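Structure first, then comments.
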Amino acid sequence: MIEISKGFKVAMEVLRDLHASTDEDLTKLKTKRVTLQSLKTEVHSRYSEEKQGILQQEKVFYELVHKQSEKLLTTLDEGLNKITISMQANENQTNKDYKAAESRKQIFQDAIDSNNVQKVFNTVGKENTYIAKKTEISLEDLTKYKSLHKFVPGCIEQEAISTFYGTVVDIAAQPIPQEPQFKLLNQYSSIYPQIQCIICCPDRSLWISNFGSKEMQNISLLSDGLIIKKGTVNVSDVAGIQLSNSGDLFLSRQRSNLYIYHPKTGKIVKSKFTVAPLITNSAISGFENNKIIVGAREDGTAFPPKGPRKVIVMNMEGGHEITYYLDNESKPLFTLPYRITTDNNNDIYVIDALNDNYEGRVIKLNPRGGVSHVYMGHPEINDSDNPLIPADLKSTPFNNVIVADDENGILHILDNNLQCIHFIRTKELGIASPLSIEIDNKSIFIGCDGEIFEVNFSGV
């Protein structure tokens with residue numbers, strides 16, 4: 001009995017341990033079940049988004065192909081019209097000459113049939129005068145009408161289509177991204193009290209300006225922290241700068257039309273890109289897919305809003321392709337679209353300023369004219385006392401988005417679903433308030449109060 005009692009106690013202890021272990025397993029399984037449900041929803045949501053991206057790309061390809069077809073048909077029509085007009089004129093003259101020849105033939109026949117000496121001599125004399133003025137009838141000049149334009153079809157291969165159209169990539173097979181790293185490389189002083197516009201050129205020179213300046217500068221940064229001024233352009237009210245594929249600068253000057261600065265000629269011209277009757281502001285991006293994207297608002301003070309606030313996608317002819325304005329409930333999507341960037345997938349990200357303190361949020365737009373994701377800040381950083389104040393944003397080569405949180409001195413690293421995957425306190429780099437950012441393949445250039453910082457980055 002004593003041995004049975006001891007064995008019973010041991011068995012009870014084992015059962016209690018198993019009970020506790022099962023409790024722990026149930027908790028984990030419950031968490032796993034909830035996580036699986038969440039992942040299922042997320043996967044289906046991502047599937048819908050990726051499917052929409054493929055269908056949108058199909059639409060873009062169709063529009064481009066249709067546009068090229070229209071261009072070729074217009075060229076063909078113009079060539080046909082030119083030849084038709086010339087042929088009609090030639091045909092009319094030929095008919096006229098034919099009738100004249102028939103008339104002369106009849107005159108000759110009448111003279112022959114008359115057997116009258118005087119009439120014969122008169123007819124021959126008149127004909128000699130005609131022969132002196134007569135031009136040679138030639139059929140060789142008709143060969144020019146065979147020179148109608150010929151269509152030469154291009155060679156379309158599957159690999160070429162995949163390159164331009166895109167492919168579906170297995171994310172699970174992609175290499176695991178490394179931990180984001182940031183390292184200060186250099187610090188430069190500027191004449192501007194605040195650097196709110198900064199654009200990097202292919203030669204790694206920078207165009208800089210601020211909202212209140214009456215000029216913008218092109219500068220080169222040297223490794224010893226010095227700046228070489230390459231040029232100055234006298235222009236006022238520059239709220240946004242975007243570099244085009246041709247090297248021209250598109251300027252948002254808070255007017256209805258964008259302006260273009262041509263570095264080769266040094267001239268600034270008013271462009272055909274317009275948002276009238278609204279005006280453009282500091283939100284401008286584009287050219288990755290031959291589109292330019294601008295923020296637009298009514299003229300006057302930015303706050304409080306007194307008119308429509310829009311983001312407009314324009315093609316290179318100036319036509320409005322998509323206008324982001326109202327949601328499905330006819331409510332405004334934006335308070336003030338303040339900055340814009342796009343990623344390699346041509347997704348559009350917008351800083352929406354909510355009040356005159358420029359507290360704001362980051363919005364990802366979908367191709368259907370609505371919003372797909374919103375970022376309001378990180379819970380460890382942003383709260384009611386320290387709201388997100390996004391001053392600028394740029395996409396990275398890996399389709400992440402870096403957001404400069406001005407007042408809080410933070411760079412938020414967001415994925416393409418606007419989930420914060422990392423953040424860095426800029427004070428750790430010696431940077432107080434990031435006002436503007438620009439990215440090339442090697443560095444992040446951060447514009448601040450009177451200074452530019454060059455920061456090396458990786459894993460972003």
Just to be sure I understand the filter: pairs with C-beta atoms under 9 Å, separated by 6 or more residues or on different chains, first member in region 62-77 and touching a residue at least 60 places away in the same chain (Cβ under 8 Å) and assigned to a helix (DSSP H, G or I), second member open to solvent by less than 90 Å² (accessible area, probe 1.4 Å) and of a type outside the set (S, T, N, Q). Which pairs pass? LEU76/LEU148
Here is a check on your reading of the model: is VAL313 in contact with an Asp or Glu (Cβ under 7 Å, 6 or more places away or on another chain), of a type in the set (Val, Ile, Thr) and part of a strand (DSSP E or B)? yes
Pairs returned, first residue in region 183-205 that is within 13 Å of GLU438 (Cα to Cα) and of a type in the set (Phe, Trp, Tyr), second residue that is open to solvent by 80 Å² or more (accessible area, probe 1.4 Å) and assigned to a loop (DSSP other than H, G, I, E, B), beta-carbon separation under 9 angstrom, 6 or more apart or interchain, are none
Matching entry among ILE292, ILE268 (being open to solvent by 30 Å² or more (accessible area, probe 1.4 Å), over 21 Å from GLN194 (Cα atoms), among the hydrophobic types (A, V, I, L, M, F, W, C) and in contact with a Phe, Trp or Tyr (Cβ under 7 Å, 6 or more places away or on another chain)): ILE268
Scope region 191-223; condition within 23 Å of ARG425 (Cβ to Cβ) and of a type in the set (Ser, Thr, Tyr); matching residues: none
Looking only at region 325-341, and only at residues there that are without any contact (Cβ under 8 Å) to a residue 40 or more places away in the chain and in a strand (DSSP E or B), the one that is surrounded by the fewest Cβ atoms within 10 Å (Cβ to Cβ): PRO332
Please work out if LYS150 is modelled with pLDDT of 80 or more and not in a helix (DSSP H, G or I). yes
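Can you pull out every residue in region 43-92 that is among the hydrophobic types (A, V, I, L, M, F, W, C) and either over 26 Å from ASN416 (Cα atoms) or touching a His at 6+ places or on another chain (Cβ under 9 Å) (or both)?
Correct list: LEU64, VAL65, LEU72, LEU73, LEU76, LEU80, ILE83, ILE85, MET87, ALA89.
For the structure I just gave you, tell me whether ARG309 is open to solvent by less than 10 Å² (accessible area, probe 1.4 Å) and under 22 Å from SER436 (Cβ atoms). Even if it seems obvious, please write down each step before you answer.
Details: open to solvent by less than 10 Å² (accessible area, probe 1.4 Å): yes; under 22 Å from SER436 (Cβ atoms): yes.
Judged against the criteria, ARG309 is a match.
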Residue check, ASP141 open to solvent by less than 100 Å² (accessible area, probe 1.4 Å), modelled with pLDDT under 80 and of a type in the set (D, E, K, R): yes
Lone unmet requirement of (1) more than 24 Å from the chain's Cα centre (by Cα); (2) open to solvent by 40 Å² or more (accessible area, probe 1.4 Å); (3) over 27 Å from ASN281 (Cα atoms) for LEU429: (2)
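The rows are residues; the columns are (1) within 36 Å of the chain's Cα centre (by Cα); (2) open to solvent by less than 100 Å² (accessible area, probe 1.4 Å); (3) closer than 30 Å to ARG368 by Cα; (4) modelled with pLDDT under 80.
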site: ILE2; (1), (2), (3), (4): no, no, no, yes
site: ALA11; (1), (2), (3), (4): no, yes, no, no
site: ALA20; (1), (2), (3), (4): no, yes, no, no
site: GLU42; (1), (2), (3), (4): yes, yes, yes, yes
site: SER48; (1), (2), (3), (4): yes, yes, yes, no
site: LYS59; (1), (2), (3), (4): yes, no, yes, no
site: GLU63; (1), (2), (3), (4): yes, yes, yes, no
site: HIS66; (1), (2), (3), (4): yes, yes, yes, no
site: LYS71; (1), (2), (3), (4): yes, no, yes, no
Please list, ordered by first then second residue, the pairs with beta carbon atoms under 7 Å, 6 or more apart or interchain, first in region 305-324 and touching a residue at least 40 places away in the same chain (Cβ under 8 Å) and on the phi < 0 side of the Ramachandran plot, second assigned to a strand (DSSP E or B) and open to solvent by 40 Å² or more (accessible area, probe 1.4 Å). MET314/HIS320; MET314/GLU321; THR323/LYS310; TYR324/LYS310
Just to be sure I understand, how many residues within region 395-444 are within 23 Å of TYR358 (Cβ to Cβ) and part of a strand (DSSP E or B)? 20
From (1) among the small types (Gly, Ala, Ser); (2) open to solvent by 10 Å² or more (accessible area, probe 1.4 Å); (3) under 27 Å from GLY212 (Cβ atoms), pick out the condition that doesn't hold for SER395. (3)
Tell me yes or no: at least one residue of region 432-443 is over 22 Å from SER205 (Cβ atoms) and at pLDDT below 95. yes
Subset of region 215-236 [modelled with pLDDT of 90 or more and either under 25 Å from the mean Cα position of the chain (by Cα) or assigned to a loop (DSSP other than H, G, I, E, B) (or both)]: MET216, GLN217, ASN218, VAL235, SER236
Checklist (1) assigned to a loop (DSSP other than H, G, I, E, B); (2) in contact with a strand residue (DSSP E or B) (Cβ under 9 Å, 6 or more places away or on another chain); (3) open to solvent by 50 Å² or more (accessible area, probe 1.4 Å); (4) at pLDDT 90 or above applied to PRO277, failing item: (2)
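The values are calculated or read from the model by the stated rules, or taken from the named source; none is laboratory data. The structure displayed is predicted, hence computed values, not measured ones. With ideal geometry, Cβ positions are generated from the backbone for all residues, glycine too; neighbour counts draw on all protein chains shown. Please note that ligands, DNA and RNA were not included when accessible areas were found on the heavy atoms of the full protein model with its side chains. Shrake-Rupley method; radii C 1.70, N 1.55, O 1.52, S 1.80 Å.
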